[in-house]
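A.B. asks: Let me give you the structure first, and then I'll get to my questions.
A short reminder: the numbers here are calculations on the coordinates, not readings from a lab. Please read all numbers here as calculations on a predicted model, not as lab measurements. Here the Cβ positions follow ideal geometry from the backbone for every residue, glycine too, while neighbour counts run over all protein chains shown.
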Amino acid sequence: MKPALINAHAQQVLQAVQGSIASHSAAADLAITRSWRRCLDQYQLDPASRRAPNVVEQPRLQDHRAPLEHIIAEAHWQMSSLHQQLGRDGHVVLLTDARGVAIDSVFNESERTEVQRSGLWLGSVWSEDYEGTNGVGTCLVERQHVTIRRDEHFRGKHVGLTCSASPIFDASGELLAVLNLSSVREEHSLQKHFQAMALTNLSAKLIESCFFLGHDPQRYLLRFHPEAGFVGLLGEGLLSFDESARICSVNQAAMDLLGLSRDHLLGQSLTTLLETPIEQVLSQASAQPSVCWPVRLVDGRLFYGQLREPLRQAPSVIPAIPKIDDVRVCLEDPRLQRGFARALRVLERDVPVFLKGETGTGKEAFAAALHRASTRANQPFVAINCAAIPESLIESELFGYRGGSFTGARKDGMIGKLEQAHGGILFLDEIADMPLALQTRLLRVLEERQVVPLGGATAKPLDVRLISASHQDLQACVADKRFREDLFYRVAGFAVELPALRDRSDKGSLLDLLLREEAAGARVRLDAGVRERLLTQPWPGNVRQLRTCLRTLVALAVEGRITLDDVAELLPTEAVAAAENPLGVSERQTLLTLIEAEHWHIARVAARLGISRNTLYRKLRHHGISRPGSGMGQH
């Protein structure tokens, strides 16, 4: 903004605070007047200051994000929906913590420069004591929805923005976060302005309700409303209580419906509110309640409710890191340790986990380890590789089918992977390769939590925790229209990047673990120099390539002895070629080793590598590998 305009705005602010502007001006809004006075008297800010925004560095940003990973995962889908409903262009949706630090954002990538010029980026600090009157900062102080339009901002630098901000409270009534919608373009119509306010407030309430529903699964959760049809909707009352019927938390809607304050309700016995016997109430509890039943208060009012029973098998404290022996995976690299612990925590809260990393980094092993360490360890773990199943079969693999649904179908039908995973964990590997039409159906299943087999008419309830993975950049796939944006936000609740083997600090421990597994109890000795040679390899195929190499070396070992000659035969050091392209040489040798081990069965080699057959064919052509005297191989 031009300096002259900033200075003019500063004069307007000073005159308004001093009371010399007419009452019809922006200063007539009491919340804004209070904020402007705080900015001058308490924070001693200069409305004409043009200093740059305060942005926390990446390590500190992670410190702000970490305590709210659960809310970020719940909020991101709602933020994207809000952004889409408002037409996307010129809008930025921010989620900040209770100190005003932006911990998540949604905006059009094409508008990045404009967004950053306005200071609306990750890590930016929007507290009122730093940026003056603004949507986030003033919302944090006022603890209610506020809208700050253009010249209502304290600092002249921000008068190009219009911001609507709503608070998000936790189950104890503490301010948890702020959802903020900012427009970086010219003022929209009054109708659009009110629409933005309403949608932002609605989105914040939805995020708040989602948080409440998942915050304490070890308690009973009562959902209630005077109208049965409103149970499960935004205006429902939410109340949690323990085994002794002591009320532990309530939402604002519950307080409004009961006409009682949080202080009056917390710690009280539910029996003091209800005329209906508590035994009768508890008899209605179920893991996934779907039917409303009447409950009468002591004052005679009638409500309708649903009661969710506590999650009995969940531990009171989720372990930060299970013992290595318990999860049977090497987690000595600090990045892997932190990623595993955080992924486990959010998975227990039913937040989808997305694993990304190069091919062969051990995504399925990581997912299986999360399953073994979770409270669902005794329930199914079902893995499906979306790239390894032909497109014509993947739908029936996922959803199953009734007998006679299509030509070639089994007479008695087939239970799909989704239904097999009921009660446990579903792992969708290489999800980026899922056909678009199937993505639409999967999204519906994840939203509705029920599945209908092909040829079936009856939906079955579905309780699964989801882990998905891909070596591809899912956001790039969304940009290329190869992956649905709404499904992306549904599956990428919490992302963990698995480092390439060459970058791991625990390569030695991983080598020892894999060697023990491949030796299967047999005694194996490594000659001098073998271990060093294996640890210094670039391993472009990552953990998968290392495991295959070790399996081959164990098979070739004479009297349990692995020699440097054995290693050299598998990993030849062709001086010139290796110097020019060491990754290419190693990949070529890996392909040769695998394809010979599988007797040129292309489908099996592709499955072992976790890639599609088309990708495998491209690699074989690139390295000049072909089957002597015949075609490329079997399908």
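A.B. asks: State the Cα centre-to-centre distance between the stretch 217-248 and the stretch 264-310 in whole Å.
C.D. replies: 8 Å
A.B. asks: Continuing with this model, one more query. Would you kindly derive the ³J(HN,Hα) couplings of the stretch 152-163 from the backbone phi angles with the Karplus curve 6.51 cos²θ - 1.76 cosθ + 1.60 (θ = phi - 60°), listing them in order in whole Hz, with x for Gly and Pro?
C.D. replies: Rounded to whole hertz, the list is 7, 5, 6, 7, x, 4, 9, 6, x, 9, 10, 10.
A.B. asks: Which whole-Hz ³J(HN,Hα) couplings does the stretch 165-170 yield from phi under the Karplus relation 6.51 cos²θ - 1.76 cosθ + 1.60, θ = phi - 60°, glycine and proline marked x?
C.D. replies: 10, 10, x, 10, 9, 7
A.B. asks: Measuring from label point to label point, each 7 Å out along Cα→Cβ, what is the ARG338 to SER283 span in nm?
C.D. replies: Those two pseudo-labels are separated by 5.3 nm.
A.B. asks: Measure of size requested: the Rg and Dmax of the chain, with Cα atoms as the atom set and Å as the unit; please supply both.
C.D. replies: Cα only, the chain: 29.3, 96 Å (Rg, Dmax).
A.B. asks: Eight or more residues apart or on different chains, and alpha-carbon atoms under 21 Å: count the Lys pairs in the chain matching that.
C.D. replies: 10
A.B. asks: Each residue of the stretch 107-118 in order: what ³J(HN,Hα) in whole Hz does its phi give by Karplus 6.51 cos²θ - 1.76 cosθ + 1.60, θ = phi - 60°, with x for Gly and Pro?
C.D. replies: Taking θ as phi minus 60°, the curve returns 7, 6, 4, 5, 9, 4, 4, 5, 5, 5, 4, 7 Hz for the stretch 107-118.
A.B. asks: Calculated from DSSP H runs of 4 or more alone, at -39500 (n - 2.57) each and per residue, what is the 222 nm mean residue ellipticity of the chain, nearest 500?
C.D. replies: Details: 27 runs with 258 residues, N = 635.
-11500 deg cm²/dmol, from helical runs alone.
A.B. asks: Further question: Going through the DSSP H helices of the chain, which span 20 Å or more along their own axis at the Cα atoms while scoring at least -1.0 as a mean Kyte-Doolittle hydropathy?
C.D. replies: Details: long enough: 3-17 (21 Å, 0.59); 69-85 (24 Å, -0.66); 190-215 (37 Å, 0.42); 334-348 (21 Å, -0.33); 542-556 (21 Å, 0.40); 582-597 (23 Å, 0.41).
Qualifying helices, which must be both long enough and hydrophobic enough, are 3-17, 69-85, 190-215, 334-348, 542-556, 582-597.
A.B. asks: Please report the base-10 log of the normalised intensity I(q)/I(0) for the stretch 44-153, using a Debye sum with one equal scatterer per alpha carbon and no solvent, at each q in 0.11, 0.24 (1/Å).
C.D. replies: With one equal scatterer per Cα and no solvent, log10 I(q)/I(0) is -0.35, -1.62.
A.B. asks: Within a 10 angstrom radius of the beta carbon, how do LYS363, LYS205 rank from fewest other beta carbons to most?
C.D. replies: Working: LYS363 28, LYS205 21.
Fewest to most other Cβ atoms nearby, the residues stand as LYS205, LYS363.
A.B. asks: Using DSSP to define loop residues, name the GluC sites (Glu not before Pro) in the stretch 184-245 whose beta-carbon has at most 10 other beta-carbon atoms within 10 Å.
C.D. replies: On the way: sites: GLU186, GLU187, GLU208, GLU227, GLU236, GLU243; in loops: GLU186, GLU187, GLU227, GLU236, GLU243.
Qualifying residues, ordered by number: GLU186, GLU243.
A.B. asks: Okay, moving on. Please say if the stretch 117-171 is rounded, prolate or oblate, where rounded means a/c under 1.5 for a ≥ b ≥ c the square roots of the C-alpha gyration tensor eigenvalues, and otherwise the choice is prolate for a/b larger than b/c and oblate otherwise? Don't jump to the answer; show the numbers that get you there.
C.D. replies: Working: a/c = 1.91, a/b = 1.46, b/c = 1.31.
Judged from the Cα gyration tensor, the stretch 117-171 comes out prolate (a/c at least 1.5, a/b above b/c).
A.B. asks: Here is a follow-up. For the stretch 216-308, what does the alpha-carbon gyration tensor say about shape, rounded, prolate or oblate, given a ≥ b ≥ c as the root eigenvalues, a/c under 1.5 as rounded, and a/b over b/c as prolate? List each step's numbers first, then the result.
C.D. replies: Numbers: a/c = 1.19, a/b = 1.07, b/c = 1.12.
Rounded, since a/c falls under 1.5.
A.B. asks: Based only on other Cβ atoms within 10 Å, what is the fewest-to-most ordering of THR147, THR440?
C.D. replies: Details: THR147 23, THR440 12.
Sorted ascending by nearby Cβ count, the order is THR440, THR147.
A.B. asks: Please list the non-local residues whose amide H lies under 5 Å from the amide H of VAL451, H modeled 1.01 Å from N, same-chain partners needing a gap of 5 or more.
C.D. replies: Result for VAL451 returns LYS460, LEU462.
A.B. asks: Taking +1 at the Cβ of each Lys and Arg and -1 at the Cβ of each Asp and Glu, which of VAL558, THR440, GLY362 sits farthest along the dipole of the chain towards its positive end, judged by Cα position relative to the Cα centre?
C.D. replies: VAL558
A.B. asks: Something else about it: Treat the count of other C-beta atoms within 10 Å as a stand-in for reagent exposure and order TRP77, TRP121, TRP36, TRP126 from fewest to most. Before the final figure, lay out each step's value.
C.D. replies: Details: TRP77 21, TRP121 17, TRP36 25, TRP126 30.
Fewest-to-most Cβ neighbours within 10 Å comes out as TRP121, TRP77, TRP36, TRP126.
A.B. asks: If you don't mind, another one. Taking Cα pairs under 8 Å and at least six residues apart, what relative contact order does the chain come out at, in percent?
C.D. replies: Relative contact order of the chain: 9 percent.
A.B. asks: Oh, and also: Under 8 Å for C-alpha pairs, at least 6 residues apart: give me the relative contact order for the stretch 324-499, rounded to a whole percent. Could the numbers behind the result be given before it?
C.D. replies: Details: 312 pairs, mean separation 56.8, N = 176.
Reported as a whole number, the value is 32 percent.
A.B. asks: Would you please put 332-345, 269-282 in order of how densely packed they are, using the mean number of other Cβ atoms within 10 angstrom per residue and starting with the highest?
C.D. replies: Values: 332-345: 18.0, 269-282: 14.5.
With the highest mean Cβ count within 10 Å placed first, the list reads 332-345, 269-282.
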